[in-house]
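Below you'll find the structure I mean.
The values are calculated or read from the model by the stated rules, or taken from the named source; none is laboratory data. Every value quoted in this text rests on a predicted model; they were computed, and no experiment measured them. Positions of Cβ are generated from backbone atoms using ideal geometry, with glycine treated the same way; all protein chains shown enter the neighbour counts.
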Amino acid sequence: MVTSPNAAVGRLAPSPTGALHLGNARSFLLAWLSIRSRGGTLLCRIDDIDGPRVKEGAIDEALADLEWLGLDFDAEPILQSARAHVYDLALDHLKQRGMVYPCVCTRTEIERAQSAPQESLDHGSRYPGICRDRFASAEAAREATGRDPAWRFVVDDGIVAFEDAIHGHVTIDVAADSGDFVVAKKDGQPAYQLATVVDDGDFSVTEVLRGDDLLASTPRQILLMQALGFPEPRWIHVPLIVGADGRRLAKRHGDTRIAWYRRRGISSEELIGFLAWTCGLIDEREPRTAASLVDGFDVQRIVREATVLEQDPFA
Ligand code: GLU
């Protein structure tokens, strides 16, 4: 891998919990363009630690879809499932500094503990701190309750602020929004927040471009980066493609999988051209290769609002 010392490092991070759809593909196209237009290095990280949700064959399918779209990367894909020891080390570091604590609460107990239902920005529920200062160790938690504990990160009061290339100055009160959040699950697996921060830090990622459904996660990741001593990357949260009901693309909106368009004989140029047009990179809808969009790419051209997909764009 050839890198110049100041070059941008980005990553594509597909979750093999299902096939890539138009929305994922558009975010990956933008992440690819942002790095390629500046001669940076692009990594591909596979977020395959989400236990039962990971689907057989989905990794190979995602890689085949990316290749078909012309979105290449510069090193072998990094599998999160192969990095358990690295996440364990990071968790140990947090434990030694008293920045995490064992928590045995179930979802129902957390909901019952709220006087009024409190939904966080990304629709989880806020943790009210029941297990903070409750157990001296994981063993003590296990002994007292007979349950395997998860680990939560202690969130101090205060606003977390960051700059996003699309959303501008963002401020989120993490203590009031999600509260102390899970960094390792009770089965010992790292939570997404911890794994993504450790990976972005370890691989010196300087730019995180992803869908803006993850905007609310970013301040939690910043807190973890600070705790683990990683520098903050540049944040670019791009709008999503949503269904007519305004919700993130999913099965209920019909088949929008890349593989489905491929199978119908739609060309990758037609698909890339459509995606580039919907997010404002080109004025006319026309077949394009990803490579043809590199010159002059500017994140500031990306539309600010979600794209509503009313019908099959290739019907
Ligand atoms: N794998 C995550 C997703 O598909 C992306 C994580 C990230 O970019 O930080 O939503």
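I'd like to know if the range 91-112 contains one or more residues that are buried (at least 17 other Cβ atoms within 10 Å of the Cβ), assigned to a loop (DSSP other than H, G, I, E, B) and among the basic types (Lys, Arg).
Within the range 91-112 (the criterion being buried (at least 17 other Cβ atoms within 10 Å of the Cβ), assigned to a loop (DSSP other than H, G, I, E, B) and among the basic types (Lys, Arg)), the answer is no, since none of the residues qualifies.
Right, next: Could you look through the range 274-315, keep only residues that are without any contact (Cβ under 8 Å) to a residue 12 or more places away in the chain and surrounded by 13 or more Cβ atoms within 10 Å (Cβ to Cβ), and pick out the one that is nearest to Ser37 (Cα to Cα)?
Per the criteria, the residue is Ser292.
Can you find even one residue in the range 181-191 that is under 16 Å from the mean Cα position of the chain (by Cα), within 15 Å of the ligand (Cβ to nearest atom) and not in a strand (DSSP E or B)?
The answer is yes, given that some residue of the range 181-191 is under 16 Å from the mean Cα position of the chain (by Cα), within 15 Å of the ligand (Cβ to nearest atom) and not in a strand (DSSP E or B).
Something else now. Out of all the residues in the range 12-58, which are within 21 Å of Leu215 (Cβ to Cβ), of a type in the set (Ser, Thr, Tyr) and surrounded by fewer than 19 Cβ atoms within 10 Å (Cβ to Cβ)?
Thr17
Looking at (1) away from the ligand (no atom under 13 Å from the Cβ); (2) under 21 Å from Ala184 (Cβ atoms), which is the only condition Arg247 fails?
Checking Arg247 against (1) away from the ligand (no atom under 13 Å from the Cβ); (2) under 21 Å from Ala184 (Cβ atoms), the one that fails is (2).
Another question about this same structure. Hey, can you tell me all the residues within the range 153-178 that are within 29 Å of Thr106 (Cβ to Cβ), among the β-branched types (Val, Ile, Thr) and in a strand (DSSP E or B)?
Val160, Ile172
Condition first: surrounded by fewer than 18 Cβ atoms within 10 Å (Cβ to Cβ) and either within 11 Å of the ligand (Cβ to nearest atom) or under 16 Å from Glu163 (Cβ atoms) (or both). Now tell me which residues in the range 226-238 satisfy that.
Gln226, Pro231, Glu232, Arg234
Just to verify a result, which residue in the range 113-152, among those that are part of a loop (DSSP other than H, G, I, E, B), among the hydrophobic types (A, V, I, L, M, F, W, C) and surrounded by 12 or more Cβ atoms within 10 Å (Cβ to Cβ), is farthest from the chain's Cα centre (by Cα)?
The selected residue is Phe135.
Taking the range 35-72, which residues are assigned to a loop (DSSP other than H, G, I, E, B), away from the ligand (no atom under 14 Å from the Cβ) and hydrophobic (A, V, I, L, M, F, W, C)?
The answer is Leu71, and nothing else.
A follow-up question, please. With (1) touching a Pro at 6+ places or on another chain (Cβ under 7 Å); (2) without any contact (Cβ under 8 Å) to a residue 24 or more places away in the chain as the list, and Gln226 as the residue in question, which single condition is left unmet?
Condition not satisfied by Gln226: (1).
Restricting attention to the range 192-214, and to residues there that are part of a loop (DSSP other than H, G, I, E, B) and away from the ligand (no atom under 12 Å from the Cβ), which single residue is surrounded by the most Cβ atoms within 10 Å (Cβ to Cβ)?
Among those residues, the one meeting the criterion is Thr206.
Any idea how many residues of the range 7-28 are closer than 13 Å to Leu71 by Cα, within 11 Å of the ligand (Cβ to nearest atom) and assigned to a helix (DSSP H, G or I)?
Here the count works out to 3.
Have a look at Ala165, Ala184 and point out the one that is under 20 Å from Arg220 (Cβ atoms), modelled with pLDDT of 95 or more, crowded, with 18+ Cβ neighbours inside 10 Å and touching a strand residue (DSSP E or B) at 6+ places or on another chain (Cβ under 8 Å). I'd like the intermediate steps shown before the answer.
Details: Ala165 fails: crowded, with 18+ Cβ neighbours inside 10 Å.
Within the list Ala165, Ala184, the selection yields Ala184.
What pairs come out if I take residues in the range 46-66 that are under 16 Å from Leu194 (Cβ atoms) and pair them with residues that are small (Gly, Ala, Ser) and not in a loop (DSSP other than H, G, I, E, B) whose C-beta lies under 7 Å away, six or more apart or interchain?
Going by the 7 Å Cβ cut-off, the qualifying pairs are Asp48/Ser81; Ile49/Ser81; Ile49/Ala195.
If you check every pair at least six apart or on different chains, which have Cβ atoms under 8 Å apart with a residue in the range 120-144 that is more than 14 Å from Tyr101 (Cβ to Cβ) first and a residue that is surrounded by fewer than 17 Cβ atoms within 10 Å (Cβ to Cβ) and among the basic types (Lys, Arg) second?
Qualifying pairs under 8 Å: Ser125/Arg107.
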